[in-house]
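Here the structure comes first, spelled out in structure tokens, and everything after it is commentary.
The values are calculated or read from the model by the stated rules, or taken from the named source; none is laboratory data. None of these values were measured; they are calculated from a predicted model. Cβ placement follows ideal geometry from the backbone for every residue including glycine, while neighbour counts extend to all protein chains displayed. Side chains included, ligands, DNA and RNA excluded: accessible areas come from the protein's heavy atoms. Shrake-Rupley method; radii C 1.70, N 1.55, O 1.52, S 1.80 Å.
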Amino acid sequence: MLPFARVSIIGLGLIGSSIARAIKDHLPTVCVNGHDVDPDVRETARALGFCDDVTDTAGAAVTDADFVVLCVPVGAMAAVAAEIAPDLPPEAIVSDVGSSKGSVLAALQAALPHNAIVPAHPVAGTERSGPEAGFATLFHGRWCILTPPADAPLLAVERVAEFWRSLGADIETMDADHHDRVLAITSHLPHLIAYTIVGTASDMEEVTRSEVIKYSAGGFRDFTRIAASDPTMWRDVFLSNREAVLDMLQRFTEDLTSLQRAIRWGKGDELFDLFTRTRAIRRGIVEQGQDDEAPDFGRKHD
Ligand code: NAP
């Protein structure tokens, strides 16, 4: 049984276009309508053909939808929800793919009080953005975390879970606040650190820009990949998940200070113990299929 017959995707960038492509691959009889605020993106989406119809307004995309997925930056979710409200069928289930969940859930509930809301976060992505960056296999073997409110209808949650399973994802369910704390340490803080390191390197006067690029394989290159992520998306993530990010940042700063002390006082054992523990975490990630052991984490460089 198909979880949905008519899916509407608002925001046709990396994630929205990947969902549309994945539907075409895995659920080919499902009708996909799409909309993006940017006329150039709409034109590209029409040319690429991953939607059955790309509409000029968000309202037109949702009028006959039974499932609506908001794939816009977190800071735009409230405005998009308000925009579709007048045209949204009351029986349509609404979801989103935002990287932070507490503030998005509150915004969707406020704007769409009559619809079942089942927020989701596919923990999959790349540093690229836009409709050309998407691909159908993006969600294969990746987690999709659902954060339904306590009063969400069980059937709606199960249909959204089934939708994501159909696209190849594994499902986990947790409450929005817990999600935001877990992702603050596993995703948001690493991005903040990458943005900092790359920013610091580019400000340093005694290391030339050409040296930074030339010797980047020493470790810097992997940070630059993360630090190339979409500025709008990440600005919104930090502002919307402020409390959890600040809390994790505080802990991180304390741990960094104790490492600083270990280096200053020549405490090699302390450093060795930490690096041994962190190596085991890396092995665990590979063993669970969330990355591979190939050089450079199996990533292609262009
Ligand atoms: P993206 O490639 O930049 O796509 C977002 C698209 O939404 C853009 O085309 C943008 O147009 C459009 N948009 C912005 N405001 C809109 C509005 N009011 N109405 C309609 N369309 C609007 O970004 P993305 O990477 O797909 O991210 C989308 C969402 O997925 C974000 O909430 C992000 O947190 C989440 N997410 C991202 C990743 C990742 O790795 N990238 C992973 C998991 C979840 P403009 O460019 O003209 O603004």
Quickly estimate the mean residue ellipticity at 222 nm for the chain, helices only: each DSSP H run with n ≥ 4 gives -39500 (n - 2.57), and the total goes over all residues, rounded to 500. -15000 deg cm²/dmol
Probe 1.4 Å - accessible area at Leu155, Å² to nearest ten: 120
Of the peptides 224-230, 236-242, 4-10, how do they stack up when ordered by the mean number of other Cβ atoms within 10 Å, highest first? 4-10, 236-242, 224-230
Could you give each residue of region 211-226 its phi-based ³J(HN,Hα) in whole Hz, using Karplus coefficients 6.51, -1.76, 1.60 with θ = phi - 60°, and x for Gly or Pro? 5, 4, 6, 4, 9, 5, 5, x, x, 4, 4, 5, 5, 5, 4, 5
DSSP-defined antiparallel bridges as percent of all bridges, the chain, nearest 5: 10
Residues with amide H under 5 Å from that of Ile93, placed H, sequence gap 5 or more: Phe67, Val68
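Which sequence of Lys24, Lys214, Lys267 reflects their accessible areas, 1.4 Å probe, from the largest down?
Solvent-accessible surface, decreasing: Lys214, Lys267, Lys24.
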Computed on alpha carbon atoms, what radius of gyration and Dmax characterise region 230-288, expressed in Å? 15.9, 42
Given a 1.4 Å probe and heavy atoms of the protein chains only, how would you sort Tyr215, Tyr195, largest accessible area at the top? Tyr215, Tyr195
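Under the Kirkwood approximation for Rh and a Cα-based Rg, what ratio Rg/Rh is obtained for region 6-174?
Values: Rg = 14.1 Å, Rh = 15.4 Å.
That ratio equals 0.92.
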Show me the ranking of peptides 281-288, 138-145, 101-108 by mean Cβ neighbours inside 10 Å, starting with the highest. 101-108, 138-145, 281-288
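Could you grab the relative contact order for region 178-289? Cα pairs under 8 Å, six or more apart, rounded to a whole percent. Could you put the intermediate results ahead of the total?
Details: 41 pairs, mean separation 35.9, N = 112.
Relative contact order comes out at 32 percent.
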Counting only the heavy atoms of the protein chains, how much of Met248 is accessible to a 1.4 Å probe, in Å² to the nearest 10? 20
If all Cα-Cα distances of the chain are sorted into 20 Å bins from 0 onward, what percent lands in each bin, rounded to whole numbers? 30, 54, 15, 0
Accessible surface, per residue, of region 178-289 when the full set of protein chains is kept, probe 1.4 Å, Å²: 71
Can you tell me the convex hull volume per residue for region 175-265, based on C-alpha atoms, in Å³ to the nearest whole number? 118
Whole-Å distance linking the alpha carbon centroid of region 1-55 with that of region 116-149 is 14
Residue by residue through region 99-114, which ³J(HN,Hα) values in whole Hz follow from phi under the Karplus form 6.51 cos²θ - 1.76 cosθ + 1.60 (θ = phi - 60°), with glycine and proline marked x? 7, 10, 10, x, 5, 5, 4, 4, 5, 5, 5, 5, 7, 10, x, 9
For region 6-174, give the magnitude of the charge dipole about the Cα centre (Cβ charges: +1 Lys/Arg, -1 Asp/Glu; no others), in debye to the nearest 20. 360
